[in-house]
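Novice: Can you keep this structure in mind? I'll have questions shortly.
The values are calculated or read from the model by the stated rules, or taken from the named source; none is laboratory data. Bear in mind that the values here come from a model prediction, so they are computed numbers and not experimental data. Counting neighbours? That spans all protein chains shown, and the Cβs are built from the backbone with ideal geometry, glycine included. Protein only, heavy atoms only, side chains kept; ligands, DNA and RNA dropped before computing areas. Shrake-Rupley method; radii C 1.70, N 1.55, O 1.52, S 1.80 Å.
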Amino acid sequence: MKDMDHSKMSKEAMKNMDHSKMSKDDIKNMGHDNIVPLNSSKGKNEITFPEILKPASVNGNNVSYTITAQQGKTEFYPGHKSNTFGYNGNLLGPVVKLKNGQHVTINLVNHLNEDTTFHFHGLEIPGDVDGGPEQVLKPGEEKTISFKVNQEAATLWFHPHPSPHTAEQVYKGLAGLIYIEDNNNNAKKLPHEYGVNDFPLIIQDKSFDSNKQLDYKKVKNDDGTTGHTVLVNGKVDPKFTFKKELVRLRILDASNARVYKLKFDNGMKFEHIASDGGYLNKPDKVSEIQTAPSERNEILVDFSKVKGNKVNLINEDGKVILPIHLINSNKGTKKSDDKISNLSLNNIHVSPKEKEMKITKKVVLAGMGKDVTINGKKFDKNRIDFNQKVNKTEIWEIENKKDAMGGMEHTFHIHGTQFKVISVDGKTPLEEMQGYKDTISLEPGQKVKIAVKFNHKGIYMYHCHTLEHEDNGMMGQIKVS
Ligand code: C2O
Ligand code: CU
């Protein structure tokens, strides 16, 4: 049993297998044979950072931007021009910096040869500007949206959401960052100079064909497309060189499906300071961070403590994601993480009332491949699955249903809200899960309880953020009124 190669088995053969004779590990690995092995980065190419998008206009508290989805060419490998998609450029997108309280107007432009939408992942804005699958812009179309920012400092992102082509468009390169800033005084003590001591790391895995093209259709996997090559900020074989000091890294897993468990190869600890929707209550000292597709995690790392001048950011299996080269900084570190570990950054609590409230919505994630469902159904744009009142908290239970095949990990995301995790399998969540979240990843058999409140009205999606699962219909709609 141990030596079986599941990847070579037909679906039928797998169905007919006698699961009672399988070990726990065999069952666990079955859902994972779609994950292609990731190669280590050797670190030839210095990473760069997306530009901060310049406003088209600023007028007091009003700011406007233009975001264009376009086709381009990217030289991932010297001498090879790969066809890619990007926002306002050839690949990925700029950082859109917004302030809490600001009135924002965005002119959305589709210069692709196909339909797309502009979804603002993690932004708490009305459903009609959220960019779900129904808000399609046809090739050549433009549309202006506006909203008011009404949420705390956080690292969010934007990406396309046309059904069922989200996976392909993200894979080809459409993903940009949104930073929200506010007046959190303690947070001002954290490193916050973009590109100096505060860096975004957009992690993705892709596979290139022999012509160094991203041929999505050839590598597409219905259980989540994974790639052999890791990219950081769009660089293949990335490396990162900076000063030996206290640094903030904002990590976005913008992969279609891969979950990473990130750590440093010298085993050093670091402070986890923020998750999807903003700061944790206080920095949480950890030595590893797990990130599922679409999740954001901000960490503070005191590189002045590294012995020598090299350390690697690695995945759980030891594969190098990002080799880091350190330059001695003669000024020494001004800030040490000792002061920072006691900073109070937020005040998020599950209230006693929320703890007692009954579950009013249940979401069951089930299946694999083309058979994925959410509450036994597939996405139907003409069907509203849930209703909820605006500004009213409800308790949702999310279950990843285990089946005879063991099932697989699913990553649950809700648009237009930042929720609080009340419990994971009946237990108080780990500290790293106690901040605001818009995405939560569940192992087969896991159940979580979350407190969900929408601050705006409209129709919002909830779905698995393994993008091929989303495209295969693992998505529902909630109407907030
Ligand atoms: Cu980041 Cu509906 O997605
Ligand atoms: Cu899924």
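Novice: Here's a check for you: in the range 451-481, which residue that is hydroxyl-bearing (S, T, Y) and within 16 Å of ligand 2 (Cβ to nearest atom) is nearest to W396 (Cα to Cα)?
Specialist: Result: Y462.
Novice: Any residue in the range 286-308 that's farther than 14 Å from M433 by Cα: show its pairings with residues that are part of a loop (DSSP other than H, G, I, E, B) and among the basic types (K, R) at Cβ separation under 8 Å, as long as the two are six or more apart or on different chains.
Specialist: From the range 286-308, the pairs are S287/K269; P293/R258; F303/K244; S304/K244; V306/K244.
Novice: Further question on the same structure: Among the residues of the range 384-422, what is the count of those that are more than 16 Å from ligand 2 (Cβ to nearest atom), more than 22 Å from the chain's Cα centre (by Cα) and open to solvent by less than 60 Å² (accessible area, probe 1.4 Å)?
Specialist: Residues meeting the conditions: 7.
Novice: Report the residue count in the range 241-271 for those that are open to solvent by less than 10 Å² (accessible area, probe 1.4 Å), assigned to a strand (DSSP E or B) and within 26 Å of T226 (Cα to Cα).
Specialist: The number of residues fulfilling the criteria is 7.
Novice: Filter the range 424-450 down to the residues that are in contact (Cβ under 8 Å) with a residue 40 or more places away in the chain, assigned to a strand (DSSP E or B) and more than 16 Å from ligand 2 (Cβ to nearest atom), then identify the one that is surrounded by the fewest Cβ atoms within 10 Å (Cβ to Cβ).
Specialist: Applying the filter and picking the extreme gives K449.
Novice: Could we say that E124 is in a loop (DSSP other than H, G, I, E, B), open to solvent by 10 Å² or more (accessible area, probe 1.4 Å) and without any contact (Cβ under 8 Å) to a residue 60 or more places away in the chain here?
Specialist: When the stated conditions are applied, E124 does not pass them.
Novice: Does L214 satisfy the condition of being part of a loop (DSSP other than H, G, I, E, B), at pLDDT 95 or above and outside the structural domain of I324 (by TED's automatic domain parsing)?
Specialist: Against the criterion (part of a loop (DSSP other than H, G, I, E, B), at pLDDT 95 or above and outside the structural domain of I324 (by TED's automatic domain parsing)), L214 does not qualify.
Novice: A follow-up question, please. Given (1) within 30 Å of E468 (Cα to Cα); (2) modelled with pLDDT under 95; (3) open to solvent by 100 Å² or more (accessible area, probe 1.4 Å), identify the lone condition not met by K362.
Specialist: (2)
Novice: May I ask you to list pairs of residues, at least six apart or on different chains, whose Cβ atoms are under 6 Å apart, with the first in the range 460-473 being outside the structural domain of P160 (by TED's automatic domain parsing) and the second being more than 11 Å from ligand 2 (Cβ to nearest atom) and open to solvent by 10 Å² or more (accessible area, probe 1.4 Å)?
Specialist: Matching pairs, first to second residue: D471/P164; N472/K370; G473/K378; G473/F379.
Novice: Looking at the range 451-477, which of its residues are within 16 Å of ligand 1 (Cβ to nearest atom), assigned to a strand (DSSP E or B) and farther than 18 Å from E134 by Cα?
Specialist: The one that is within 16 Å of ligand 1 (Cβ to nearest atom), assigned to a strand (DSSP E or B) and farther than 18 Å from E134 by Cα: V452.
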